[in-house]
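A short write-up of the structure that comes next.
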Amino acid sequence: MKKVIVILLFTGLFLTSGSAVAQNTIKLGHINSQLLFAAMPESDTAQKTIEREATAMQKTLEELQVEFNKKYEEYLKIANDGTTSELIVRTKEEELQTMQQRIQTFQQQAEQTIGNRRTELFKPIQDKAIKAVNDVAAENNFSYIFDTASGSLVYTSPDSQDILPLVKAKLGLK
């Protein structure tokens, strides 16, 4: 009788530990976030907006540069003619330096503005993509999802499932 109880006890422990191991199975998935973003129409719209704004700023920068070049040509003429007073030459030099500083400031502010605008436009798209990935991972019991676009993934197991089609379906994309 003791043998039967011991056998039943061991069998019960074996079955319970087996089911615990089965419950802890790790399910791996991967996605290329760049492909996901490219498939989202919002990304294209945001990129076009950024390009349009960057083009406008580039045009203004070019206009400032043309104006600077004209003033520089004028400065060279009066600086080299030998008849213009030193005060006028110095004033023109200061004017050019001030203008160059304005151009540099404008360029820095334009880059910062475009960077901020990019963040502003792409953050909701990124949040939407991350939510879709999280939802798909939860719905399909994935333990980990790796982003293959980050470049830090060295190996992808054949057991790892590409969830890009699932996330696209979740977002209603083709």
Give the residue, chosen from R117, R90, R102, that is basic (K, R), surrounded by 14 or more Cβ atoms within 10 Å (Cβ to Cβ) and either under 34 Å from the mean Cα position of the chain (by Cα) or in a helix (DSSP H, G or I) (or both).
R117
Within the range 141-159, count every residue that is at pLDDT 75 or above and within 18 Å of Q126 (Cβ to Cβ).
6
Do the conditions hold for A20, that is, is it modelled with pLDDT under 95 and loosely packed, with under 12 Cβ neighbours inside 10 Å?
yes
Selection status of I5, at negative phi and modelled with pLDDT of 85 or more
no
Could you check how many residues of the range 128-174 are under 12 Å from F37 (Cβ atoms) and assigned to a helix (DSSP H, G or I)?
10
K128 out of contact with any strand residue (DSSP E or B) (no Cβ under 6 Å at 6 or more places or on another chain) and without any contact (Cβ under 8 Å) to a residue 12 or more places away in the chain:
no
Considering only residues of the range 87-98 that are without any contact (Cβ under 8 Å) to a residue 24 or more places away in the chain and of a type in the set (A, V, I, L, M), which is farthest from Q65 (Cα to Cα)?
L87
Take the residues of the range 24-40 that are in contact (Cβ under 8 Å) with a residue 12 or more places away in the chain and assigned to a helix (DSSP H, G or I): which is surrounded by the most Cβ atoms within 10 Å (Cβ to Cβ)?
L36
Residue ID - surrounded by the most Cβ atoms within 10 Å (Cβ to Cβ), chosen from residues in the range 52-86 that are among the aromatic types (F, W, Y) and in contact (Cβ under 8 Å) with a residue 24 or more places away in the chain:
F68
Picked from the range 103-125 (must be β-branched (V, I, T) and touching a residue at least 12 places away in the same chain (Cβ under 8 Å)), the residue nearest to V167 (Cα to Cα) is I125
Determine, yes or no, whether Q108 is over 25 Å from the mean Cα position of the chain (by Cα), modelled with pLDDT of 95 or more and not hydrophobic (A, V, I, L, M, F, W, C).
no
On the basis of being modelled with pLDDT of 90 or more, acidic (D, E) and either in contact with a Ser or Thr (Cβ under 6 Å, 6 or more places away or on another chain) or within 28 Å of I103 (Cβ to Cβ) (or both), does E67 make the cut?
yes
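The values are calculated or read from the model by the stated rules, or taken from the named source; none is laboratory data. As the structure is a computational prediction, the values presented were derived from the model and not from experiment. Virtual Cβ from ideal backbone geometry, glycine too; neighbours counted across all protein chains shown.
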